[in-house]
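The structure under discussion appears below in the form of structure tokens.
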Ligand code: DP6
């Protein structure tokens, strides 16, 4: 008798970036952050958690490959979830003693690993949700986000759909460092995201290592964490409530640039953006200049891929221009079939367009989406 539960969990891309930890064991951040959850039709992790008295040891399989489950981050998640299951078992003697059984966790991403997209957020969110469902835990998504945070900081935001904030918290034990929903996807459903995949290579410096180098050596970083981000968090929550895209775009671009400035201010400096990334910035800036207001917003994580947010009604002017630059390289995902009209490029963009053509290997068109959901496929 094998007990089993499966879940889908989404990817999220921050518009106010998490960068820096005040506690590296618990993944407690030095600033709050805010992200948009992306549609699981396009990018998602599917995870099945099972347990049985017949299993002899905990196992983790990702995309058909055995993974090391002994890492401190995965172990922290398993320990917390088993602890909560023990409480359930102590309260009701008739429920099966699942907490004492070995677990088998099987995960699969529906997007190519080669795309170099952050998958740890969706991965840990799915792992935590699948085990919480297997254990029938009464925990809220906020409680589960505290557990997923210990797997990977950004994972705590993937427990919710729509527009999600991660409150940094001040407690030493991390009890108040959790994610919450700013607004559901249905509040502002026409938010679109276009991902320009700029590199299939593994990144130079992992975010875990890079952010602590910044914390240690950058003076700019303190100013960011103490002054810039707190004001931006408030402004960002407000413009999401008002569905004010121009302000959303302005804050998103500024925050990405500020985060990458702290990377450059790290010694030795850390470069995540490359020539292709900078060409994407130039093209977005030119699109906004021509429109007379911000109709698209770029943002970059710890790697060269550009994520460009825009509103559906401006698809022609944003995705359309990129389509005319990138021609046949449109994406492989579900929105691919949508008719995006190629639009004329703004003047003076020839060199940036050529850079993009050379450096971008694929485009993924997607949109804001919902939080994790149970799956009947195991
Ligand atoms: C630049 O969540 O990957 O994407 O907590 O060490 O696992 P760990 O780091 P991770 O860092 C993400 C950094 C970022 C910004 C963000 O997602 O907010």
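The values are calculated or read from the model by the stated rules, or taken from the named source; none is laboratory data. Note that the coordinates shown come from a computational prediction; the quantities given were computed from them, not determined experimentally. In this analysis, Cβ positions are derived from the backbone assuming ideal geometry, glycine residues included, and neighbour counts consider all displayed protein chains.
Sort through 359, 371 and tell me the only one that's surrounded by 15 or more Cβ atoms within 10 Å (Cβ to Cβ), at pLDDT 95 or above and in contact with a helix residue (DSSP H, G or I) (Cβ under 8 Å, 6 or more places away or on another chain). One residue alone meets the criteria, 371. Consider segment 338-356 and keep the residues that are surrounded by 19 or more Cβ atoms within 10 Å (Cβ to Cβ) and within 21 Å of residue 304 (Cβ to Cβ). The one that is modelled with the lowest pLDDT is 349. Quick check on my filter: what residues within segment 147-172 are farther than 25 Å from residue 252 by Cα and touching a helix residue (DSSP H, G or I) at 6+ places or on another chain (Cβ under 7 Å)? Residues satisfying the conditions are 147, 150, 151.
Could you say whether any residue in segment 150-165 is free of Cβ contacts under 8 Å to residues at least 40 places away in the same chain and surrounded by fewer than 17 Cβ atoms within 10 Å (Cβ to Cβ)? No, that holds for no residue. Scan segment 193-222 for residues that are surrounded by 14 or more Cβ atoms within 10 Å (Cβ to Cβ) and either out of contact with any strand residue (DSSP E or B) (no Cβ under 6 Å at 6 or more places or on another chain) or free of Cβ contacts under 8 Å to residues at least 24 places away in the same chain (or both) and the total you get is 16.
It is to be established whether one or more residues within segment 44-52 are surrounded by 24 or more Cβ atoms within 10 Å (Cβ to Cβ), within 16 Å of the ligand (Cβ to nearest atom) and under 13 Å from the mean Cα position of the chain (by Cα). The answer is yes, given that some residue of segment 44-52 is surrounded by 24 or more Cβ atoms within 10 Å (Cβ to Cβ), within 16 Å of the ligand (Cβ to nearest atom) and under 13 Å from the mean Cα position of the chain (by Cα).
Taking the conditions (1) under 19 Å from the mean Cα position of the chain (by Cα); (2) in contact (Cβ under 8 Å) with a residue 24 or more places away in the chain; (3) within 30 Å of residue 372 (Cα to Cα) in turn, residue 254 satisfies each one other than (2).
Of all residues in segment 85-96, one or more are in contact (Cβ under 8 Å) with a residue 60 or more places away in the chain and either over 28 Å from residue 40 (Cα atoms) or within 16 Å of the ligand (Cβ to nearest atom) (or both). A residue that is free of Cβ contacts under 8 Å to residues at least 40 places away in the same chain and part of a helix (DSSP H, G or I) cannot be found anywhere in segment 292-309. Please tell me if residue 190 is surrounded by fewer than 17 Cβ atoms within 10 Å (Cβ to Cβ), in contact (Cβ under 8 Å) with a residue 24 or more places away in the chain and more than 13 Å from the ligand (Cβ to nearest atom). Here the answer is yes, as residue 190 does meet what is asked. Within segment 252-265, the set of residues being in contact with a helix residue (DSSP H, G or I) (Cβ under 7 Å, 6 or more places away or on another chain) and surrounded by fewer than 21 Cβ atoms within 10 Å (Cβ to Cβ) comprises 258, 261, 265. Within segment 1-23, the set of residues being near the ligand (Cβ under 8 Å from one of its atoms) and assigned to a strand (DSSP E or B) comprises 12, 13, 14, 16, 21. Considering segment 183-290, the qualifying helices (runs of 4 or more DSSP H), each wholly inside and each with 1 or more residues that are closer than 28 Å to residue 350 by Cα, run over 245-264. Of the candidates 103, 81, 26, the single residue that is within 16 Å of the ligand (Cβ to nearest atom) and either buried (at least 20 other Cβ atoms within 10 Å of the Cβ) or in a loop (DSSP other than H, G, I, E, B) (or both) is 26.
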